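The values are calculated or read from the model by the stated rules, or taken from the named source; none is laboratory data. It should be emphasised that the depicted structure is a prediction, and the values quoted were computed from it without experimental measurement. As a convention, Cβ positions derive from the backbone with ideal geometry for all residues, glycine included, and neighbour counts pool all protein chains shown. To get the accessible areas, we keep the full protein, side chains included, count just its heavy atoms, and leave off ligands, DNA and RNA. Shrake-Rupley method; radii C 1.70, N 1.55, O 1.52, S 1.80 Å.
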Amino acid sequence: MASFALVLLLAALFLAGGLALSRGYRAEDTARTEVQQTRTFLRELSDLTLLLLDAETSQQAYLLTGAAAARRAFEAARDALPPRLIALEGAIAKSHAGAPDGITTLKALARDRMAALDAGASAETVAPGQADAGAVEAGQAATGALRREIDRLRGAELARLDRAFADADLQRNRVRLALGLIGATTSALAVLAAGLAFRTARDQARLGFVDRLAAERDRADLVSRELSHRVKNLFAVILSIISVTARAERDPRVAAQKSRLRIQALARAYELSSSHSALGTAELSDLLQAVVGAYAPAADRFRRHGPPVVLPARLMTPIGLIVNELATNALKHGAWSGPEGTLSLSWAFGQHCRLHLTWAEQGALPPQAEAPGAGPGTDGGSGFGSRMIDLSLQQAAGRMTRHWDDTGLTVEMSFDLTEDEVVAARVHGA
């Protein structure tokens, strides 16, 4: 009963986590929409302010100098006011169910101020080269009122944007809480499952199947430890991808896209290893095709060649993550960013039980200073892509060098293997 209740609790937590994730995505989408709408509205407000400033400046220049060019500039600003107000009203209509308080007042103030400027620039009202002090003072007061109204609307729009981001932060915290509860419940379920497995093995041993059950238990324990280790690593890598990418990227959409691509690469490597054996081994050629081939613009622009090699389980995830970062970089800034660039991967065993892997891009220009892709990762050498590669190399006991020549980028990688791993890689690969 306890295990059944725990399973139900886990299912409920997964459901709650899914709902929290859905709400979090919706909140982030809302925040992004608010940013776009606010940017449009504030741009229209700024354009209106500049238009009125141009009109006032042109009118004053005409009054002081009587220049025809100043008069024409004022008339152009005056004629541009109606479409500018229409654009402003359209921008606010997209971000609100109706016009906010003050938008009608703002339009009236803008029209009245332009009408006053037009009257002041009229030849029948004031002769060129003259200015009425009272009219100037009244105009300045009207301009001040107009600017205060614009500032108030700008502040209200920014406050609305702050509320949208606050809601997105709240939903993100709820997602983290749900994931934490799921992790804790999963651990408790694993402990319970281990206890049940031990009790079952003990009971069966008492019935006379000691030898057979001992062998089966040893094998099950080996697989269980390996799978447990891999699951823990997967959780750690996924949480690291999400947290570090979120800190490195300010735009939620960019952060979500990068996290999704990296987790997909991790999933492809894990799925490939899981489909070959319980201990997570797979051929290197299949891993490269599954991870790198997914980014290739065309089949003839990606080549791989080398002897049959079955990777040990400990190298599957690190190599998969490294080539995923390099493939992303090739697609954005390297050989695959152009119409004709190609990528080739080759591998071979070297001395001292070392596996060599060569990444060669052809048809890509060398990176410029400060350009994206100039570093070892996908982000100029200073972001999470570079740290991902460094950490993966450390985990796999690997080394990497890269250089540019006339043909393009070349990356040399090597990974240390034990003698048993080399023998297994060659025997099973053949």
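Heavy atoms only, probe 1.4 angstrom, no DNA, RNA or ligands counted: give me S22, S414 ranked by accessible area, highest first.
Most to least solvent-accessible, the answer reads S22, S414.
What distance in nm separates the simple spin-label points at T358 and L170, each placed 7 Å from Cα in the Cβ direction?
5.9 nm
Any idea how far apart R253 and A11 come out in nm if each label point goes 7 Å out from Cα toward Cβ?
Inter-label distance under the simple model: 3.9 nm.
Heavy atoms only, 1.4 Å probe, whole protein assembly: order L109, L85 by accessible area, highest first.
The most accessible residue leads, giving L109, L85.
Rolling a 1.4 Å sphere over the protein heavy atoms, what is the accessible area per residue of the range 9-95, to the nearest Å²?
52 Å²
I'd like the accessible area for K332, computed on protein heavy atoms only with a 1.4 Å probe and all protein chains in place. Round to 10 Å², please.
Accessible surface of K332 is approximately 100 Å².
Given the whole protein assembly as supplied and a 1.4 Å probe, what does the accessible area of V422 come to in Å², nearest 10?
Number for this one is 10 Å².
Heavy atoms of the protein only, probe of 1.4 Å, neighbouring chains included. What is the accessible area of H305 in Å², nearest 10?
The value for H305 is about 110 Å².
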